[in-house]
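Take a look at the structure set out below.
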Amino acid sequence: DAGITQSPRHKVTETGTPVTLRCHQTENHRYMYWYRQDPGHGLRLIHYSYGVKDTDKGEVSDGYSVSRSKTEDFLLTLESATSSQTSVYFCATRDVLGVRDQPQHFGDGTRLSIL
Amino acid sequence: DQQVKQNSPSLSVQEGRISILNCDYTNSMFDYFLWYKKYPAEGPTFLISISSIKDKNEDGRFTVFLNKSAKHLSLHIVPSQPGDSAVYFCAASGRGSQGNLIFGKGTKLSVKP
């Protein structure tokens, strides 16, 4: 959807290791978002970006950092992974088109397990 | 505190009948509402949206109704098909939020042949 590719699709790692997830889009959308989805919760916003080098925190940003050095790529980094960060991570993008009300479009997710 | 609530975790409907999924919100600043459909191992797919200046929006078999006074919206699927079986998420965003979405926990719809 909207040319969004998340990599890797699956990852298993150990507590304390750094992890970087990548989101790549081909639609030149200005906004990009990272969410996590856990059982019993809907999707919760981690961080978002409103342009190259412009990022801000979401609802559950503790333990995560992001970077956006070019329009098409948005990276999510767990500096020192913990078991509570085991989750499915979704990237989304949104176009602006001069009006605010545009839907977000999602990638297919990364399933991250931290042992 | 949940700002977007989907109080029914699951719903089962017979093929050909109407499916009605409900969503309540608490934040009066929300002015844009969306429904997403999600299949297992895939990302959410945008289905339909409604702005707070409207009370109804229709797209084929899908209609979303918004009742601002009750802070309630619903998604109607008519007729329901087995391929509609999925988890449906309600989401909302408000003025000044950079388009950030607040999601409900989802309702799992099962459409039985």
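Every number here is computed from the coordinates shown, using simple stated rules; none is lab data. Predicted model only: the values in this text are computed from it and were never measured. Methodologically, a virtual Cβ is constructed for each residue, glycine included, from the backbone with ideal geometry; neighbour enumeration extends over all protein chains shown.
Would you kindly derive the ³J(HN,Hα) couplings of the range A:46-51 from the backbone phi angles with the Karplus curve 6.51 cos²θ - 1.76 cosθ + 1.60 (θ = phi - 60°), listing them in order in whole Hz, with x for Gly and Pro?
Coupling constants for the range A:46-51: 9, 8, 9, 10, 10, x Hz.
Could you please report the charge total around B:D24, scoring K, R as +1 and D, E as -1 over all other residues with beta-carbon less than 15 angstrom from its beta-carbon?
+3
Looking at chain A as a GNM with Cα springs under 10 Å, which of A:G42, A:G16, A:G58 has the largest mean-square fluctuation?
The residue with the greatest mean-square fluctuation here is A:G42.
For A:R68, A:R44, A:R9, what's the fewest-to-most ordering of other Cβ within 10 Å of each Cβ?
With the fewest neighbours first, A:R68, A:R44, A:R9 line up as A:R9, A:R44, A:R68.
Taking the alpha-carbon distance from B:K71 and a cut-off under 12 Å, which aspartates and glutamates remain once sequence neighbours fewer than 8 residues away in the same chain are dropped?
In chain and number order, the partners are B:D24, B:D31, B:D55.
At a temperature of 4 °C and a viscosity of 1.567 mPa s, determine how fast the range B:1-78 diffuses translationally according to Stokes-Einstein, using the Kirkwood radius over alpha-carbon pairs as Rh; express D in µm²/s, rounded to the nearest whole number.
After rounding, the answer is 96 µm²/s.
So which lysines pass the test for B:K105, namely a Cα distance under 16 Å, with those fewer than 8 places away in the same chain ruled out?
Excluding near neighbours in sequence, the set is B:K5, B:K37, B:K38.
Quick one: order B:I53, B:I102 by neighbouring beta-carbon count within 10 Å, fewest to most.
Details: B:I53 10, B:I102 22.
Lowest count first: B:I53, B:I102.
Once you charge only the Cβ atoms, +1 for Lys and Arg and -1 for Asp and Glu, what is the size of the charge dipole of chain A about its Cα centre, to the nearest 20 debye?
Computed about the Cα centre, the dipole is about 100 debye.
D for the protein assembly as shown, whole µm²/s, Stokes-Einstein with Kirkwood Rh over alpha-carbon pairs at 37 °C and 0.692 mPa s: what number?
182
Net charge around A:D38, counting only other residues with Cβ within less than 13 Å of its Cβ (Lys, Arg = +1; Asp, Glu = -1)?
Residues near A:D38 contribute +3 overall.
Within 10 Å of each residue's Cβ, count the other Cβ atoms and sort B:F89, B:F62 from fewest upward.
B:F62, B:F89
Would you mind checking the range B:76-113 for residues with the amide N under 11 Å from a putative spin-label position 7 Å along Cα→C-beta of B:Q3?
Counting only backbone N, you get B:92-103.
For A:E72, what is the net charge nearby, where nearby means another residue's Cβ is under 12 Å from its Cβ and Lys, Arg count +1, Asp, Glu -1?
Net charge around A:E72: +2.
Under a Cβ-only charge scheme (Lys and Arg +1, Asp and Glu -1), can you give me the dipole magnitude of the protein assembly as shown about the Cα centre, in debye to the nearest 20?
In total the dipole reaches around 260 debye.
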